[in-house]
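Asker: Let me begin by handing over the structure; questions about it come next.
What follows is calculated from the coordinates using simple rules that are stated; it is not laboratory data. Computed from a predicted structure; not experimentally measured.
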Amino acid sequence: METQHAERTEHAAPPMVEFGELGDFIAFYLRITQTLSFQAFVKQAGETERNLRAGYFAVLTLIGENPGITQTALSRANGRDKSSLTPVIDELERREFLTRRRVETNRRAYALELTPAGERARRVLLKAALRHEKNLRTILGKTDSEELFRLLKLLSSALTKKLANGHPQP
């Protein structure tokens, strides 16, 4: 009996995966951490009114803070490719969280603004985001949270400048 139990337990454990060179890459751990953090935020947001998605938070916040922002500027600020952002914008417009209007000086560009429903959705998601942020900072502690935040901003700024200048490599 004990042997059967031990075998079942052994098979239930996930196999260990060797990371090889990936284990030494900052970018790999940034990606894993981003994914896990987003999953934790999704759980924190849960099922909210009108089935809000946690992924809407950054988009709604950037539009709310920058009324009239174009989709191109939004994609740059959000760090997302414009083609992956367009379906999100379409969905938010369909749900009447934002309005999209043509920019008079550029017929190919659209200016985005939140509707009152979009503002409400943003406030609901902000509450979840604040709880999530508090959880992350609790995990790290005050000093490490501040240092990580400083380093992430530094890295983000440096990469943005390099990419803008057409120099993705050091």
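Asker: To the nearest 500 deg cm²/dmol, what mean residue ellipticity at 222 nm is calculated for the chain from DSSP H runs of n ≥ 4 alone, each contributing -39,500 (n - 2.57), summed and divided by the residues? Please list the in-between numbers first.
Answerer: Details: 7 runs with 110 residues, N = 170.
Theoretical 222 nm ellipticity from helices: -21500 deg cm²/dmol.
Asker: To the nearest Å, what is the center-to-center distance of the range 113-170 and the range 54-97, using C-alpha atoms only?
Answerer: Using only Cα atoms, the two centres lie 16 Å from each other.
Asker: Volume per residue, Å³, of the convex hull around the alpha-carbon atoms of the chain?
Answerer: Spread over its residues, the Cα hull of the chain gives 196 Å³ apiece.
Asker: Any idea how many Lys pairs in the range 15-170 come in under 20 angstrom at the alpha carbon, given 8 or more places apart or on separate chains?
Answerer: 9
Asker: For q values of 0.18, 0.19, 0.20, 0.26 Å⁻¹, compute log₁₀ I(q)/I(0) with the Debye formula on a Cα-only model of the range 23-105, without solvent.
Answerer: -0.88, -0.96, -1.03, -1.36
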